[in-house]
């Protein structure tokens, strides 16, 4: 795909976001929209994550992390680096950048922000997460936090557009205390689902629409 470069991705992310439409393709269960969840009592906590893009062997890649087991409702899941907004954070982008450094040891001076995706409400943990997209010209040696990261996974962005890596799988969802069939991405044998899968769905649709308009 010709648009898989930082300049085109930045341009694609300036177009109107496609959150609800794109999220529905990979939604694992019905959830409130973020704008609705803001009126809940208690109100949701706010967080931000960073979808990092970088070239590896001349192909654009993105980075996922597998969280350690036995760490609450998101135990063992595949996600982007990120976490809860703190009072000292000037903006949600600052939250995403700070959390990226804390979790994988990548300082913000390496990251060129390209844009953001639509926020998503996560019912099990009562969070609204704001996803950002950033480009790293040269990825340094990463230093993952052992408390928050079990494994770092590098994955070619072009493969995310391959329908053969999307399937349905039975996943235990704490919200329902049962196994539920959910749409997943196969990321090197890991099942990626939930909010992160919804973010990827929007990222893909934004780039596809931009590519088709050229």
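Structure notes:
- Leading residue by the ranking (farthest from residue 207 (Cα to Cα)) among those in region 1-13 that are at pLDDT 95 or above and under 18 Å from the mean Cα position of the chain (by Cα): 6
- Here is the figure for region 14-31: residues that are assigned to a loop (DSSP other than H, G, I, E, B) and at pLDDT 95 or above total 5.
- The criterion of at least 3 residues that are farther than 25 Å from residue 69 by Cβ and modelled with pLDDT of 95 or more is met by the following strands (runs of 3 or more DSSP E) wholly inside region 112-214: 127-136.
The values are calculated or read from the model by the stated rules, or taken from the named source; none is laboratory data. None of the values given here were measured: they were computed from a predicted structure. Cβ: placed from backbone, ideal geometry, glycine included. Neighbour counts: every protein chain shown.
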